[in-house]
1. Please give the Cα centre distance for the stretch 163-233 versus the stretch 90-112, rounded to the nearest Å.
2. Normalise the Cα radius of gyration of the stretch 98-233 by 2.2 N^0.38 Å (N = residues in it) and let me know the number.
3. Provide the gained length on full extension for the span Y21 to D89, in nm with one decimal, where the gain is 0.36 nm per separating residue minus the Cα-Cα distance.
4. Going toward the positive end of the dipole of the stretch 149-233, with +1 on Lys and Arg Cβ and -1 on Asp and Glu Cβ, which of T207, P220, Y232 do you reach last?
5. Taking Rg and Dmax of the Cα atoms in Å as the quantity of interest, determine which of [x] 19.6, 64; [y] 18.7, 64; [z] 20.8, 70 was computed from the displayed structure.
6. Would you please put 161-170, 91-100, 201-210 in order of how densely packed they are, using the mean number of other Cβ atoms within 10 angstrom per residue and starting with the highest?
7. How many nm separate the modelled label positions at L193 and N28, each set 7 Å beyond the Cα in the direction of the Cβ?
8. Report in % the part of the accessible area of the stretch 131-233 that belongs to carbon and sulfur, leaving out ligands and nucleic acids; probe 1.4 Å.
Amino acid sequence: MRKLLLAWVLCAHFQLARAQYAFLPITNLLSDSAGVIGQSGQNLGFMIVRGDSVLFEKYWGSWNNTTYQAIASGSKMPSMALLMKLVNDGRLSLSDTVQRFIPAFRNKPVITLGQLMSHTSSLPGISPYISNNGFTLKQAADSIGLRTPMTSFAPGSAFQYGGVSMHVAGRMAEVATGMRWDSLFQKEIGRPLCLADTNYAGTGATTNFRIAGGMGTTMPDFSTLLSMLLQYG
C-alpha cells in the first residue's frame, strides 16, 4: 500500500510539473518552421527533459520516438564520453602517444591522445580512409599513419577540426582494451544506460566505425546520453 501511495505521489508530482509549462508557443514555432529545419522534408523531433523526466515530446512528419537517425557530428559527444571513461578508469591516459598503440605512426611526429581529442594533432580534418566501409578501424588507422600527410603545424600548436584525429583515438581505445569499438561502447555506455537503439551503423554496417560521425540513435536514447552528461555521469 505504501509503495502504491508513493508511486501515486510521484506520478501526481510529475503531472503537476508538466502542467506548469505552456508548450503551445514552442509547438507552433516548430510547426511553422518544420519545412526549414526538418532534415527530411517535414520530419522533426523535439524533446524537453529535466533530470530524468521528459517534460515535453513531439514529432512531426514520419518521425516518432523509435525513429533511428544518423547524427553525423553529434557522434563526437558520445565517442568522447567513452574515451574519457577509459581515461577515468586508467586504461588510457591523455598523455599516451599514438606511437605506443599504433606502430604505423612510428615515422610521424609524436601525437598524444589529448591532442587527438582536442583536434590539435596536426592530422588533416578529412581522409577517405575513415569513410571506407571495406576497411576495419585498424586498417583505416594504419593507412592514416602510413599514407596521410600531416598538416603544416606541429602537434599541439594549432586547431584542425575533423574526424581523422578521433578515428585514430578510437583505434587506440581498441588496442588498449582488446575490444572492437562498437562492443566497447555497448559495454561501457550503451548497456548501462539501456540505449537499445544506439550504435555506430548510422552510415551503414561497418567495422570501420566512424568515431566522429557514424552514430545512429533515437531521440529518447540521445536525450538519455545528454542527461547523463548534464548530471556529471
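1. 21
2. 1.07
3. So the extension gain works out to 20.4 nm.
4. Farthest along the dipole direction, towards plus: T207.
5. [z]
6. Highest mean packing first, the order is 161-170, 201-210, 91-100.
7. 3.5
8. Details: 2490 of 4500 Å².
Here carbon and sulfur together make up 55 percent of the probe-accessible area.
The values are calculated or read from the model by the stated rules, or taken from the named source; none is laboratory data. All values reported here derive from a predicted model rather than from experimental measurement. Don't worry about glycine lacking a Cβ; one is built from the backbone with ideal geometry, like all the others, and counts go over all protein chains shown. The protein model used for the area step is the full one, side chains on, heavy atoms only, and it has no ligands, DNA or RNA in it. Shrake-Rupley method; radii C 1.70, N 1.55, O 1.52, S 1.80 Å.
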